[in-house]
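Report on the following structure.
The values are calculated or read from the model by the stated rules, or taken from the named source; none is laboratory data. Fair warning: this is a prediction, and the values are worked out from it, not measured in the lab. As a convention, Cβ positions derive from the backbone with ideal geometry for all residues, glycine included, and neighbour counts pool all protein chains shown. Heads up: the accessible areas ignore ligands, DNA and RNA and are worked out on the full protein's heavy atoms, side chains in. Shrake-Rupley method; radii C 1.70, N 1.55, O 1.52, S 1.80 Å.
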Amino acid sequence: MLGRTARRRREALSEITDKVWDVVVVGGGNAALCAAIEAAEAGCRVIILEGAPKTYRGGNSRHTRNFRCMHQGPLSVLTDSYEEDEYFNDLLLVTKGNTDEDLARLAIRTSESCLPWMEAHGVRFQPSLSGTLSLGRTNAFFLGGGKALVNAYYNTAADLGVEVVYEAQVKHVEIEGGRFQAVAVEIAGAAPCRVEGRTIVLASGGFQGDIDWLARAWGPAARNFLIRGTPYNRGVVLKDMLDQGADTVGDPTQCHAVAIDGRAPKFDGGIVTRLDCVPFSVVVNKDGERFYDEGEDVWPKRYAIWGRLVAAQPDQVAYSIIDAKSSTLFMPSVFPAVQSDTLEGLAEQMGLPAAKVRETVDAFNAACREGDFHPTELDGLATDGVEPRKTNWARPITEPPFYGYSLRPGVTFTYLGLKVDATARVTMEGQKLKNVWAAGEIMAGSILGEGYLAGFGMTIGTVFGRIAGQEAAKGATRGVNSNAA
């Protein structure tokens, strides 16, 4: 039996290594799949090299929920309109202008045609859920979540004859004279091998799965971060390309990081570990002190800054405290809240200095003013005379039982990446590589200099995945002998 198994394994490996593929796709998430589908539909022979096992395929796309989409009128589940300038201004707000406007506007404009393309390739959408109603005009939610999207694309890829190899770790991208030749791969259960291709699309994500790399960028504090995304994005291909001189964009300390439940696992907890209680709470650090305006804006526009805020606190931990009045105003948490009939009892259970927490909450309560409370919109119900101010949804924390959640920075993906042009082509030492394209998180730093806009990661991945697949298919067809775009 072992002999036959080994023989079948060798035969399967030779099927992969004894040919020159038109398009080699590195990665197995949304951007990789969009690229593979586009190239296969153009008639190319395509292979996907996915580092994760089959059960964990799809990268961070497994954990996504929605796609931010420009539309000039009602489109599928999206209501009203969401025009280019409004979308771009929303992006400027979170990135503070740290973006490539041409690439950003390209992603925004192209998103409108992507939604029907996604539906044509098996993705189903649903209206936004309770708790995310503020996104009903701007974001289309996947029916069944990101895993359903990933499965739909893998089914489409299979129908198109795309070869998928799981547990395939690409270690090196061979580039000679500005031209891709092959990748060095380690496939589970097989000897290291070489896979040749006419073109390549790199869609293997950021480096957040490599804690040592995070610690080099952030300092020792990064070892307290939780990685809510896939553990398979370790930046191996990104580092290999940077070592070879590929042009880079993005700051290694910038990332999509949100405040997640401090009890979440070290890796792969996903979107369900996010806590949405912050706007209705007071948030204190381990010393019992407030440090930021909890009510700065509606949560979908501000949730992404809280990862960095918590990262800057002692021991990279914070605590969100609410009372009975607010316990049903946000999406339920995966982990139950710590609960007590007294503030002091809650503080003690969470390991906080009870007297200081009481002092902080009393000062906050005294600063609250009378006014109308509207949990789904900016209500201007602000504090007066306390620092930092809370500028919306400021109600006294007085009604027991009291609830508490610990918060940790939860990193989804890093922004350091490969520089690309509008055709998703990678550059090296200022020159366009002849047959190398990149899509998804590995190049998202070209657009996301800092901050994050809900659903925009899937927009970047879908738009540039499709562009990369189309361009790689053209390159494979024409033999990529030209250096023209």
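The set of residues in segment 302-333 that are farther than 24 Å from Phe456 by Cα, open to solvent by 30 Å² or more (accessible area, probe 1.4 Å) and among the β-branched types (Val, Ile, Thr) contains only Thr328. Number of residues in segment 179-218 that are surrounded by fewer than 23 Cβ atoms within 10 Å (Cβ to Cβ), β-branched (Val, Ile, Thr) and in contact with a Gly (Cβ under 7 Å, 6 or more places away or on another chain) equals 0. Condition first: aliphatic (A, V, I, L, M) and loosely packed, with under 14 Cβ neighbours inside 10 Å. Can you find one or more residues in segment 358-368 that meet it? Yes, some residue in segment 358-368 is aliphatic (A, V, I, L, M) and loosely packed, with under 14 Cβ neighbours inside 10 Å. Figure legend. Inter-residue proximity from segment 317-345: first residues in contact (Cβ under 8 Å) with a residue 24 or more places away in the chain and over 24 Å from Glu377 (Cα atoms), second residues of a type in the set (Phe, Trp, Tyr) and open to solvent by 30 Å² or more (accessible area, probe 1.4 Å), beta-carbon distance below 6 Å, spacing 6+ or different chains. Indicated pairs: Ala337/Tyr403; Gln339/Tyr403. I'd like to know if segment 311-323 contains one or more residues that are farther than 26 Å from Thr414 by Cβ, assigned to a loop (DSSP other than H, G, I, E, B) and over 26 Å from the mean Cα position of the chain (by Cα). For segment 311-323, residues farther than 26 Å from Thr414 by Cβ, assigned to a loop (DSSP other than H, G, I, E, B) and over 26 Å from the mean Cα position of the chain (by Cα): present.
Residues that are without any contact (Cβ under 8 Å) to a residue 12 or more places away in the chain, assigned to a helix (DSSP H, G or I) and more than 23 Å from Gly440 (Cβ to Cβ): does segment 112-121 have at least one? Taking every residue of segment 112-121 in turn, none turns out to be without any contact (Cβ under 8 Å) to a residue 12 or more places away in the chain, assigned to a helix (DSSP H, G or I) and more than 23 Å from Gly440 (Cβ to Cβ). For segment 334-346, a residue qualifies if it is open to solvent by less than 60 Å² (accessible area, probe 1.4 Å) and part of a loop (DSSP other than H, G, I, E, B), and the qualifying residues are Phe335, Ala337.
Does any residue of segment 409-417 turn out to be within 30 Å of Gly197 (Cα to Cα), open to solvent by 10 Å² or more (accessible area, probe 1.4 Å), touching a helix residue (DSSP H, G or I) at 6+ places or on another chain (Cβ under 7 Å) and not small (Gly, Ala, Ser)?
Here is the first cut: in segment 409-417, the residues within 30 Å of Gly197 (Cα to Cα) are 413-417.
With the extra rule that they be open to solvent by 10 Å² or more (accessible area, probe 1.4 Å), the set shrinks to 416.
Keeping just the survivors that are touching a helix residue (DSSP H, G or I) at 6+ places or on another chain (Cβ under 7 Å) gives 416.
If we keep only those that are not small (Gly, Ala, Ser) too, we end up with 416.
Yes - at least one qualifying residue is present in segment 409-417.
Selection of segment 302-328 for residues being among the β-branched types (Val, Ile, Thr) and under 22 Å from Asp362 (Cβ atoms) yields Ile321, Ile322.
For segment 284-301, enumerate the residues that are open to solvent by less than 40 Å² (accessible area, probe 1.4 Å), closer than 15 Å to Thr360 by Cβ and in contact (Cβ under 8 Å) with a residue 40 or more places away in the chain. Step through it out loud before you land on a result.
Of all residues in segment 284-301, those open to solvent by less than 40 Å² (accessible area, probe 1.4 Å) come to 284-285, 288, 290, 293-295, 297-300.
Next, from what is left, pick out any that are closer than 15 Å to Thr360 by Cβ: 284-285, 288, 290, 293-294.
Listed by number, the residues that qualify are Val284, Gly288, Arg290, Asp293, Glu294.
If we scan segment 375-385, do we find a residue that is of a type in the set (Val, Ile, Thr), out of contact with any Lys or Arg (no Cβ under 8 Å at 6 or more places or on another chain) and either farther than 14 Å from Arg290 by Cβ or in contact (Cβ under 8 Å) with a residue 60 or more places away in the chain (or both)? Yes: one or more hits.
Within segment 37-92, the set of residues being touching a residue at least 40 places away in the same chain (Cβ under 8 Å), assigned to a loop (DSSP other than H, G, I, E, B), open to solvent by 50 Å² or more (accessible area, probe 1.4 Å) and of a type in the set (Asp, Glu) comprises just one member, Asp80.
When Thr360, Thr328, Thr342 are checked against the criterion of being polar (S, T, N, Q) and farther than 17 Å from Phe280 by Cβ, Thr342 stands alone in meeting it. Considering the conditions (1) open to solvent by less than 10 Å² (accessible area, probe 1.4 Å); (2) touching a Gly at 6+ places or on another chain (Cβ under 9 Å); (3) modelled with pLDDT under 95, Asn483 is excluded by exactly one of them, (1).
Residues satisfying the criterion are absent from segment 129-139 (criterion: under 22 Å from the mean Cα position of the chain (by Cα), open to solvent by less than 10 Å² (accessible area, probe 1.4 Å) and over 27 Å from Leu378 (Cβ atoms)).
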